[in-house]
Amino acid sequence: MNAGNPNWLTSSGQKSIQDVSHPLSAEESVLSSPDIGNTTISLGEKDLSLLNGTPVDPSSPASSSSLLNRLQLDDDLNGETHDLFVSVDDPKKHVSTMETYISYRVTTKTTRTEFDLPEYSLRRRYQDFDWLRNKLEESQPTHLIPPLPEKFVMKGVVDRFSEEFVETRRKALDKFLKRVAQHPVLSFNENFSVFLTAKDLNSYKKQGLTLLTKMSESVKNVTGGYKLRGRPLEFAAMFDYLEVFTQKLGTIDRIAQRIIKEQSEYLMELREYGPVYTNWAAFEEELQKPLNSVSECVTNCSTALEELTDDMSEDFLPVLREYVLYIESMKNVLKKRDQVQAEYEAKLEAIVLRKEDKLVVPMDVEKCQDRMECFNADLKADWERWQNNKRQDFRQLLTGMAEKNIQYYEKCLAAWDSVIPLLQKKEDIKVEN
């Protein structure tokens with residue numbers, strides 16, 4: 001199973017980042033497939049190998065040429081034909097003398113030939129997911145790796161073994177695996193296959209740093225003192241967009257948390273408010289039914305408010321936080337791209353200083369240029385995919401929020417409507433007397 005991309009891939013030529021709409025905008029954006037029609041590739045002149053030197057078959061699903069072809073089908077994610085399905089469920093608590101932890105059942109169903117069986121079911125804990133993500137970052141440095149939920153206590157949650165915390169984490173882990181499984185390159189990564197199929201991951205975890213990771217560290221050392229001449233405008237626009245997006249999400253998150261806090265305080269008042277009418281009804285025989293009805297109405301309203309608050313805490317806030325982490329992941333990939341560009345510029349500058357023949361480009365410089373072009377193409381393809389996912393996620397999120405609020409007010413309206421007939425009945429009796 002191949003784990004990377006050929007280093008001869010050229011730029012995908014996708015649209016400028018300025019044309020991408022804001023995630024909360026209702027405006028539709030039409031994604032354009034990478035243009036590979038004008039790309040000329042000489043298989044005899046270019047070195048068909050991954051960034052870590054591993055040979056690659058261009059027809060392999062894990063190669064970038066195959067990625068660009070498949071991305072034509074990825075514009076509408078709902079129209080994709082998937083052959084790999086994963087899910088995370090059934091959390092269980094494990095207690096021993098050494099530690100206490102939660103494990104999750106990971107179920108895989110696939111028709112891919114590289115898998116020995118059509119279905120797998122294994123248990124994994126959080127640190128296993130963390131290992132997988134680190135391995136994906138090591139082996140696929142040119143791609144955006146989906147984020148994991150925060151390792152320790154999330155905001156507003158104290159007990160990491162509480163039912164609410166475990167369920168929130170389960171949903172996030174499930175989304176992480178689904179995003180990887182739906183990616184046309186990451187889903188073919190051998191580490192992902194190991195995670196889904198190996199009964200014991202300990203032997204794989206003991207393996208040292210990959211050659212690609214060591215090469216990445218050497219690039220950092222070479223370019224550590226080099227100042228980038230200038231980031232291409234489209235990648236600079238990505239950085240600017242992410243900064244603004246971070247601010248917007250931060251503002252929404254802070255306000256949403258204040259709303260949840262105020263709703264929780266209001267809920268406590270309602271729970272004290274309803275019983276007052278029940279106690280009053282015991283001393284008012286003629287008003288007993290209406291007062292008890294009001295008490296029941298307040299109880300129904302408090303139940304509806306509790307459901308609304310829980311939905312906001314368990315469904316709305318986690319999506320915001322996932323995208324905050326997603327932004328950090330995207331920034332890290334952009335910084336890695338800058339390092340490759342800095343290495344390329346440093347090599348070119350060294351040629352100029354040595355006054356070598358500019359018509360003859362050294363092989364290492366050419367390979368460095370290929371890596372940079374590969375990085376650019378993969379990053380732009382993943383950016384488009386991320387934007388598409390984000391639009392769908394936020395539309396679904398905001399639609400769900402609207403529906404939950406409508407349901408809340410409908411329940412409150414129905415509860416208060418039920419009180420009116422009892423009050424009117426008492427008035428009719430008084431008029432007849």
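The values are calculated or read from the model by the stated rules, or taken from the named source; none is laboratory data. Just so it is clear, the model here is predicted, and its values are computed rather than measured. Glycine also receives a Cβ, built like all others from the backbone with ideal geometry; neighbour counts cover every protein chain displayed. These accessible areas exclude ligands, DNA and RNA; they are computed on the full protein's heavy atoms, side chains included. Shrake-Rupley method; radii C 1.70, N 1.55, O 1.52, S 1.80 Å.
Counting only heavy atoms of the protein chains, get the accessible area per residue of the range 84-203 (1.4 Å probe) and round it to a whole Å² value. Kindly include the intermediate steps, with their values, before the conclusion.
Details: 5730 Å² over 120 residues.
Accessible surface, normalised per residue, equals 48 Å².
Dipole of the range 228-433 computed with +1 at Lys/Arg Cβ and -1 at Asp/Glu Cβ about the Cα centre; of Asn332, Gln396, Cys412, farthest Cα towards the positive end is Asn332. The share of Cα pairs per 10 Å bin across the range 228-433, counted from zero up to the longest distance, runs 7, 21, 18, 14, 12, 10, 7, 5, 3, 2, 1, 0 percent. Rounded to the nearest 20 debye, the dipole magnitude of the range 228-433 is 1080 debye, with +1 charges on Lys and Arg beta carbons, -1 on Asp and Glu beta carbons, and the Cα centre as origin.
How many percent of all Cα-Cα pairs in the range 84-203 sit more than 22 Å apart? Looking at the range 84-203, the distances longer than 22 Å represent 34 percent of pairs. Per residue, the accessible area of the range 228-433 comes to 57 Å² when a 1.4 Å probe rolls over the protein heavy atoms.
Placing +1 on each Lys and Arg Cβ and -1 on each Asp and Glu Cβ, with no other charges, gives the range 84-203 a dipole about its Cα centre of roughly 220 debye. Taking each residue as 0.36 nm, the span from Thr113 to Asp130 lengthens on full extension beyond its C-alpha to C-alpha distance by 3.5 nm. Near Arg123, the amide H atoms lying under 5 Å from its own belong to Val106; only residues 5 or more places off or on other chains count, and H is placed 1.01 Å from N.
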